[in-house]
Amino acid sequence: MKKRAGLAISAFLIVFLTNAAAHWWPGYFTSFKADAMGRQGLSAADEIARKAETLRSKLIAQRRDFHMHPELSNREERTSKVIAERLRALGFDEVRTGVGKYGVVGILKGKQPGPVVAVRADMDALPILETLDVPYKSQNAGVKHACGHDLHMTVQLGVAEVLSGMREKIHGTVKFIFQPAEEGPPANEEGGAGLMIKEGALENPRPAAIFGLHVMPNIEVGQVGYNIGPAMASSDRFSITIRGKKVHGAYPHDGIDAVVVASECITALQSIRSRRINTQEPLVITVGSIHGGNRFNIIADEVKLEGTMRTLSEDVRTRAMDMMKQTLGGITTAYGASYEIDFGQNNPVTFNEPALVESTLPVMRKIMGENNVVSPRPQMGAEDFSKFQQVVPGFFYFLGVGNKSKGITAMIHTPEFEADEDSLVIGVKLMTNVLLDYLDRESAKRK
Ligand SMILES: [Zn+2]
Ligand SMILES: [Zn+2]
């Protein structure tokens, strides 16, 4: 009895002293601290790994809850409530709701002085009918988390939970941004990253950097993908109206055939890609819909075209937009027709600040293993995370969720999309380390 009490007291003293010392020399002790049992002490990375591992079943349950209750862009009411409640329960210093409709911003202050870093997850689902037959199948008919935003939110809540339990080791503040309407708000509504920024998501406090991730089924679980510089394309949605003159289909010379003019315009727009922009520069001009005319024997006076333009360079983006206007202007003038073009719902290039990527890569390699950090080609898909990156330097990387041996290969935005849930713990470990490492590095520079 006595001996055990003595042991307990000395164990208490050792714990007290090492904790006090860790407070004074955090960098040193996070690596070499030994506990009362004399075991090799836990580094911050070990502590994160252990905590993330204990969250495994909770993370899976959380992801499945989000997956069962997907909500469309700007309609993320329940999702937002779940997130805010969770952050409050974790003892966050501040939880702001209603930032950019259903957006949530949480502030977690560390016990050590340092800068502010932000991390962002998106919240919305897509109007896609789920075809997976799983117990956690979508309960909202015709809506599915087909872009993996359920995983993004779950990982970010996991990071929140791990970090809220280790404030002693946080040099600075972590700002958690949960963003609605990444897929684009419904017509005539504002939303997404732009609206969150407008409503102050990046102020009070302003982060020095922002990190984010997207799940990627063509990267195997256990791996992570990154790009230096452009990672995802700009996207510009365009609507074109070609106007001609209605007349009987048998007398075309008395009218102006908007259908013929529109056909020439579509073909000529493709020549911008093939003949006017350097072939080494990625560019996509897709006309995805065409509507015009109302009867087989009437010359149409109006045709509407809708499409999307994608590039990996802001310079190509502006030039291509000018060339589209030039092309439409030239062709419609030749026929005596007219046109209007409207570029809306745009996203800039998702551009990863090279210096930020270079300084983050070592910790990514340490956590994932050298060979599991891969650099795929940039994607022609777009992300409104790019809007945050226009305000503060940011790094957006791709978390592998594919697993060929389990048949998990379907791409995002498909009815069959699925993710290997082992990616949740990995995602939490990786992002927590990335954020802590950033704060350690930047606060060390300030000393
Ligand atoms: Zn998407
Ligand atoms: Zn997405």
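The values are calculated or read from the model by the stated rules, or taken from the named source; none is laboratory data. Keep in mind that what you see is a predicted model, and the values were worked out from it rather than measured. Cβ atoms come from the backbone with ideal geometry, glycine included; neighbour counts cover every protein chain shown.
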So Ser386, is it over 24 Å from Asp133 (Cβ atoms), within 16 Å of ligand 2 (Cβ to nearest atom) and part of a helix (DSSP H, G or I): yes
Would you confirm whether any residue within the range 208-225 is modelled with pLDDT of 95 or more, among the acidic types (Asp, Glu) and away from ligand 1 (no atom under 16 Å from the Cβ)? yes
Scan the range 311-356 for residues that are assigned to a strand (DSSP E or B) and not hydrophobic (A, V, I, L, M, F, W, C) and jot them down. Thr311, Ser338, Tyr339, Glu340, Asp342, Gly344, Gln345, Asn346, Asn347, Thr350, Asn352
Can you pull out every residue in the range 395-411 that is buried (at least 17 other Cβ atoms within 10 Å of the Cβ) and under 16 Å from the mean Cα position of the chain (by Cα)? Phe395, Phe396, Tyr397, Phe398, Leu399, Gly400, Val401
State all residues of the range 242-255 that are under 46 Å from the mean Cα position of the chain (by Cα) and crowded, with 18+ Cβ neighbours inside 10 Å; if no residue qualifies, say none. Ile242, Gly244
Any pair with Cβ under 6 angstrom, 6 or more apart, that starts in the range 123-146 at a residue that is more than 24 Å from Gly100 (Cβ to Cβ) and of a type outside the set (Ser, Thr, Tyr) and ends at one that is assigned to a strand (DSSP E or B) and within 16 Å of ligand 2 (Cβ to nearest atom): Glu130/Lys144
Hey, any hits in the range 428-446 for a residue that's within 16 Å of ligand 1 (Cβ to nearest atom) and either among the aliphatic types (A, V, I, L, M) or touching an Asp or Glu at 6+ places or on another chain (Cβ under 8 Å) (or both)? no
Which condition does Ile367 not pass, out of (1) outside any helix (DSSP H, G or I); (2) within 25 Å of Leu55 (Cβ to Cβ); (3) more than 16 Å from ligand 1 (Cβ to nearest atom), if it passes all the others? (1)
Please go through the range 357-373 and pick out each residue that is farther than 19 Å from Leu312 by Cα and either surrounded by 14 or more Cβ atoms within 10 Å (Cβ to Cβ) or of a type in the set (Phe, Trp, Tyr) (or both). Ser359, Thr360, Leu361, Val363, Met364, Arg365, Ile367, Met368, Asn372, Val373
Exactly one of (1) closer than 15 Å to Gln326 by Cα; (2) buried (at least 18 other Cβ atoms within 10 Å of the Cβ) is unmet by Ile299. Its number? (1)
Just give me the residues in the range 179-208 being within 14 Å of ligand 2 (Cβ to nearest atom) and among the aliphatic types (A, V, I, L, M), in sequence order. Ala181, Ala193
In the list Phe211, Phe176, which residue meets the criterion of being of a type in the set (Phe, Trp, Tyr), within 16 Å of ligand 2 (Cβ to nearest atom) and either free of Cβ contacts under 8 Å to residues at least 12 places away in the same chain or under 29 Å from Glu47 (Cα atoms) (or both)? Phe211
Enumerated strands (runs of 3 or more DSSP E) restricted to the range 77-188, each holding at least 3 residues that are on the phi < 0 side of the Ramachandran plot and within 16 Å of ligand 1 (Cβ to nearest atom): 112-122
